[in-house]
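Visitor: If you scroll down you'll find the structure; I have some questions about it.
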There are 2 protein chains.
Amino acid sequence: MRIGLDIMGGDYAPNSTVLGAIAAQAHLATNQHLVLIGDKDLITPLLQEQNFNPDHFEYIHTTEVIGMGEHPTKAIVQKPNSSISVGFQLLKEGNIDSFASAGNTGAMLVGALFSVKAIPGVIRPAISAIMPKLKGGFKILLDAGANADCKPENLLQFGILGSLYAKHVYHIDDPQVGLMNLGEEAEKGSLLTQATYPLLKESKLINFFGNIEGRDLFNDKADVVVCDGFTGNVMLKLAESFYVLTLKKGLKDEFFDRFNYEQYGGSPILGVNAPVMIGHGISSPEAIKNMILLSKEMVETKIIEKFKTAFNS
Amino acid sequence: MRIGLDIMGGDYAPNSTVLGAIAAQAHLATNQHLVLIGDKDLITPLLQEQNFNPDHFEYIHTTEVIGMGEHPTKAIVQKPNSSISVGFQLLKEGNIDSFASAGNTGAMLVGALFSVKAIPGVIRPAISAIMPKLKGGFKILLDAGANADCKPENLLQFGILGSLYAKHVYHIDDPQVGLMNLGEEAEKGSLLTQATYPLLKESKLINFFGNIEGRDLFNDKADVVVCDGFTGNVMLKLAESFYVLTLKKGLKDEFFDRFNYEQYGGSPILGVNAPVMIGHGISSPEAIKNMILLSKEMVETKIIEKFKTAFNS
């Protein structure tokens, strides 16, 4: 297995990405290799500082970088030698089995759609995110922001993708899929959620819980939360701001600790033909480490094959 | 001034509504009267228990009630003698100057639209809500759930309504209007927010701040938050669940205290021809008292006249 990591991505790259790679290395088997993509001249002194044997990693040297503020599509097209573009090229050619970056989110999304492309049958891939449940365990939320405008068929597919992901990667048995809505009643909602409800209810590929509300994000209702990317993005950022608030206020609690994005490492793009992971811009070495380990998990569980089977049957 | 209160509305009615009315009475001037609408036979013993002189209130006796779970439109049509229907009839005829209820939210919305109706020029009235700012003060958020599907013109009007409300009722000088969106950049967003951005930017009736994100709900960015009712409803319920969580966890903090809905009393429907206030279903006497006092404030500040002027000029 070859796990690709963009060493130039994120606000604290390459320090945080290199340190994260070193930390992850300890958890990899001998047949699992980290492939670092980026400026090798920046990496080498960091490895030396850590007294780390550089032979543990493979390197794809490139100095071009897509900045955090660049326009995603333009950047992907105009910077074919950027670490993100090179990573996707390697992924497309099968030279790496997964690709992760804490860099420009939009470029990661565009790069994934342009290179490895959506799985046949998947109309729109989605970014998934993790939310801690109050009583323990996690919820998978999607779409977290890839698709601001969605159709009912998109939301149904998010339910299928999230359900398989929850089952195989998070080992949630028979995960329940909830539709984020204005109220619990079946007839409630926007035009989108009203039209989505019967699709989710009738699908044989998921275990539909029914509607859930904003107040249900952290309780035991449903394991997978389906919503359009606008709603998902707003909810995630709001939830994150609450977590930051508890930190600022010095409020310590086991539940709030589980909000710490560092533990989850990254948000995978579900529905493309390979494991692609987007890290938080502020990713610490711990976050990078966990993003690498989640990449490994996605390769090991053959989740992409499960997606392909579901959408081609 | 005659302030109408549905004594039958809310999970703890009539106890909580009557106790709230008694508490509010102490804050009213001699020319400000509370008009209690509901079953007088239930009210009288409660007033006696409190040794409260019943002559302080006026009464409109009716025994019919719209339940919390009833279908709003059907209930309004089929129960013309319900406390909510009677309240709106009194409001429409000018027998009361404002109407408040912690009962069925949908029935309150439908009742307002059917009776006093939208202000000429206002396409869709909106429910507004209050969010505490971390550094003190408040934000007005609308729409909090009246309109699950919105057009750009609706969001522009929410901005105008919220701006006038923030200025005149919450005494926020030159309030800034923020558009809830996926990112800060002008070109970001859903089809709805992308089309709304230039309308808000060009409007001479508001002071446009620009886009804000889910993480900005409690910071100093903007005084008025504009969004569709689906997003607003999900955000409010999510924020409320966080507040409930801090209570459960026993986390005390001045900021979290300011989340307590009881302090704000109710959510006005902005854009109809009279002050209409919807209380939280679980309204306590304190919440009812503050809902009454906010009704009074809306009448005193002549906010409806300000709305009419803005939309008819």
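Visitor: With a Förster radius of 41 Å, plug the Cβ-Cβ distance of residue B:114 and residue A:123 into 1/(1 + (r/R0)^6) and report the FRET value to the nearest 0.05.
Guide: Details: r = 41 Å, r/R0 = 0.99.
Efficiency for this residue pair is about 0.50.
Visitor: Per 0.36 nm of contour for each residue apart, how much would the distance between residue A:77 and residue A:313 grow if the chain were fully extended, relative to their Cα-Cα spacing? Walk me through the numbers on the way to the answer.
Guide: Details: separation 236, 0.36 × 236 = 84.96 nm, distance 3.42 nm.
Full extension of this stretch gives 81.5 nm more.
Visitor: Label-to-label distances across copies for residue B:123, with labels 7 Å out along Cα→Cβ, in nm, shortest first?
Guide: For residue B:123, the other copies' label points sit at 2.5 nm, shortest first.
Visitor: Just read off the accessible area of residue B:12 with the full protein assembly in place, 1.4 Å probe, to the nearest 10 Å².
Guide: Per-residue accessible area (residue B:12): approximately 130 Å².
Visitor: Once each part is reduced to its C-alpha centroid, what is the distance from segment B:188-234 to segment B:253-292 in angstrom?
Guide: Centre-to-centre (Cα) distance: 23 Å.
Visitor: Find the sum over both chains of the accessible area lost when B and A are paired, probe 1.4 Å, and report it in Å² to the nearest 100.
Guide: 3400 Å²
Visitor: Name the residue, out of B:106, B:136, B:265, whose mean-square fluctuation peaks in a Gaussian network model built on chain B with Cα pairs under 10 Å.
Guide: Looking only at B:106, B:136, B:265, the biggest GNM fluctuation is shown by B:136.
Visitor: Using all C-alpha to C-alpha distances in segment A:199-313, build P(r) with 10 Å bins and read off the rounded percent in each one.
Guide: In whole percents, the pair-distance histogram is 11, 32, 39, 15, 2, 0.
Visitor: Using a 1.4 Å probe on protein heavy atoms, which residues of segment B:132-155 have at least 20 Å² less accessible area in the complex than alone?
Guide: For segment B:132-155, once contacts with the other chains are taken into account, B:134, B:148, B:149 lose 20 Å² or more.
Visitor: While we're on this one: Could you put B:300, B:254 in order of accessible surface area, largest first, with the 1.4 Å probe and the full protein assembly present?
Guide: Details: B:300 85, B:254 105 Å².
Descending accessible area places them as B:254, B:300.
Visitor: While we're here: For peptide B:201-213, what's the mean number of Cβ atoms from other chains within 10 Å of each residue's Cβ?
Guide: Partner Cβ neighbours, averaged per residue: 1.
Visitor: Further, regarding this structure: Roll a 1.4 angstrom probe over the protein heavy atoms and tell me the percent of accessible area of segment A:123-263 that is carbon or sulfur. Intermediate values should be presented prior to the final figure.
Guide: Working: 2700 of 5230 Å².
Carbon-and-sulfur percentage of accessible area, whole number: 52.
Visitor: Averaged over B:179-191, how many beta carbons belonging to a partner chain fall within 10 Å of each residue's beta carbon?
Guide: The mean count of partner-chain Cβ atoms within 10 Å per residue comes to 3.
Visitor: What's the extension gain from residue B:253 to residue B:204 if we count 0.36 nm per residue and subtract their Cα-Cα distance?
Guide: 13.7 nm
Visitor: Mind checking which aspartates and glutamates have their C-alpha under 14 Å from residue A:237, skipping anything on the same chain fewer than 8 residues away?
Guide: A:143, B:184, B:213, B:216
Visitor: In a Gaussian network model over chain A where Cα atoms closer than 10 Å are linked, find which of A:77, A:110, A:272 has the largest mean-square fluctuation.
Guide: Result: A:77 has the largest fluctuation of those listed.
Visitor: Report the FRET efficiency, 1/(1 + (r/R0)^6), for residue B:195 and residue A:195, where r is their Cβ-Cβ distance and R0 is 22 Å, rounded to 0.05.
Guide: In this case the efficiency is close to 0.55.
Visitor: In addition: Highest first, please rank the peptides A:235-242, B:245-252, A:304-311 by the mean number of other Cβ atoms sitting within 10 Å of their residues.
Guide: Peptide ranking by packing, descending: A:235-242, A:304-311, B:245-252.
Visitor: Per DSSP H run of n ≥ 4, the term is -39500 (n - 2.57); total these for the protein assembly as shown, divide by its residue number, and report the mean residue ellipticity at 222 nm rounded to 500 deg cm²/dmol.
Guide: -12500 deg cm²/dmol
Visitor: Viscosity 0.890 mPa s, temperature 25 °C: give me the Stokes-Einstein translational D for the protein assembly as shown in µm²/s, with Rh taken as the Kirkwood radius over C-alpha pairs.
Guide: 94 µm²/s
Visitor: Please list the equivalent ellipsoid semi-axes of chain B, computed as the square roots of five times the alpha-carbon gyration tensor eigenvalues, in descending order and whole angstrom. Mind showing how you got there, number by number?
Guide: Details: eigenvalues 212, 92, 61 Å².
They are 33, 21, 17 Å, listed largest first.
Visitor: Along the Cα→Cβ direction, 7 angstrom out, place labels at residue A:28 and residue B:55. What is the inter-label distance in nm?
Guide: With each label point 7 Å from Cα toward Cβ, the separation is 8.8 nm.
Visitor: Each residue of segment B:141-150 in order: what ³J(HN,Hα) in whole Hz does its phi give by Karplus 6.51 cos²θ - 1.76 cosθ + 1.60, θ = phi - 60°, with x for Gly and Pro?
Guide: Working through the residues one at a time gives 10, 7, 8, 8, x, 6, 10, 5, 10, 10 Hz.
Visitor: May I pose another question? Apply the Debye scattering formula to segment B:124-262, with a single equal point scatterer on each alpha-carbon and no solvent, then give log10 I(q)/I(0) at q = 0.09, 0.19, 0.22 Å⁻¹.
Guide: Calculated log10 I(q)/I(0) at the listed q: -0.25, -1.06, -1.37.
Visitor: Name the residues of segment A:244-259, by number, that are at least 50 Å² less accessible with every protein chain in place than in the isolated chain; the surface is that of heavy atoms, probe 1.4 Å, without ligands or nucleic acids.
Guide: A:245, A:249, A:251, A:256
Visitor: Considering only protein heavy atoms, what per residue accessible area in square angstrom results for the protein assembly as shown with a 1.4 angstrom probe?
Guide: 39 Å²
Visitor: Could you pull the copy-to-copy label distances for residue A:184, with points set 7 Å along Cα to Cβ, in nm to one decimal and sorted shortest first?
Guide: Nearest first, the other copies' label points are 4.1 nm away.
Visitor: Assume the label is 7 Å from Cα along Cα to beta carbon: what separations in nm does residue B:134 have to the matching positions in the other copies?
Guide: Residue B:134 label point versus its equivalents elsewhere: 2.4 nm.
The values are calculated or read from the model by the stated rules, or taken from the named source; none is laboratory data. Everything quoted here is computed from the prediction, not taken from an experiment. No Cβ is skipped: glycine too gets one built from the backbone with ideal geometry, and neighbour counts run over all protein chains shown. The protein model used for the area step is the full one, side chains on, heavy atoms only, and it has no ligands, DNA or RNA in it. Shrake-Rupley method; radii C 1.70, N 1.55, O 1.52, S 1.80 Å.
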